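Structure record follows, encoded as structure tokens.
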Amino acid sequence: MLTGVRMSRPHVLSLYRRVLRVARSWKAQSALPQDTDAEGKYIAQEARTLFRQNQQITDQESIQRCIEECEARIEIGLHYRNPYPRPTYLPPMGLATQKGRKLKAQQRLRKQAKPVYLQSQDET
């Protein structure tokens, strides 16, 4: 287990540096300096928050999910020129229910329907 954690550490640190480089070189879609500054600061702060939040994770599968989420958010942000997570439009009870399904089943289905790039976002 420890070997897997040590092997992923350089990859995670490389990913963190990549996010910070993206934040420094970020150009807002509006081309306004204040928007560019605000979005760059958001990217750096979001990275700091999430990397520190996930710092204690040792499970290799969880680490891999966090890496995939980070890479997905980077690529989506660069593609759409928007650093903020894309919203999902799934109403709280929006999944079709079958006879006898309870609230726990709905919550499980909502969690499964959540895109990889939003896994770290809190439920609202």
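The values are calculated or read from the model by the stated rules, or taken from the named source; none is laboratory data. Worth saying up front: this structure is predicted, and the values here are computed from it rather than measured. With ideal geometry, Cβ positions are generated from the backbone for all residues, glycine too; neighbour counts draw on all protein chains shown. To get the accessible areas, we keep the full protein, side chains included, count just its heavy atoms, and leave off ligands, DNA and RNA. Shrake-Rupley method; radii C 1.70, N 1.55, O 1.52, S 1.80 Å.
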(message) Condition first: more than 19 Å from Glu69 (Cβ to Cβ) and hydrophobic (A, V, I, L, M, F, W, C). Now tell me which residues in the stretch 27-54 satisfy that.
(response) Ala28, Ala31, Leu32, Ala38
(message) Scan the stretch 88-101 and tell me whether some residue there is at pLDDT 65 or above, open to solvent by 90 Å² or more (accessible area, probe 1.4 Å) and either at negative phi or basic (Lys, Arg) (or both).
(response) no
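Tell me which residues, restricted to the stretch 62-75, are closer than 13 Å to Val19 by Cα and open to solvent by less than 40 Å² (accessible area, probe 1.4 Å).
Of everything in the stretch 62-75, those that are closer than 13 Å to Val19 by Cα and open to solvent by less than 40 Å² (accessible area, probe 1.4 Å) turn out to be Ile67, Glu69, Cys70, Ala72, Ile74.
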(request) Name every residue in the stretch 33-52 that is touching a residue at least 40 places away in the same chain (Cβ under 8 Å) and within 19 Å of Ser14 (Cβ to Cβ), in order of residue number. (result) Ile43, Leu50
(message) Which of the numbered conditions does Thr36 fail, given that it passes all the others? Conditions: (1) farther than 22 Å from Gln119 by Cα; (2) open to solvent by 70 Å² or more (accessible area, probe 1.4 Å).
(response) (2)
(request) Those residues that are under 14 Å from Gly77 (Cβ atoms) and within 16 Å of the chain's Cα centre (by Cα), I need them from the stretch 13-38; list them, please. (result) Leu15, Arg18, Val19, Leu20, Val22, Ala23
(request) For Ala23, state whether it is aliphatic (A, V, I, L, M), touching a Lys or Arg at 6+ places or on another chain (Cβ under 8 Å), open to solvent by less than 80 Å² (accessible area, probe 1.4 Å) and modelled with pLDDT of 95 or more. (result) yes
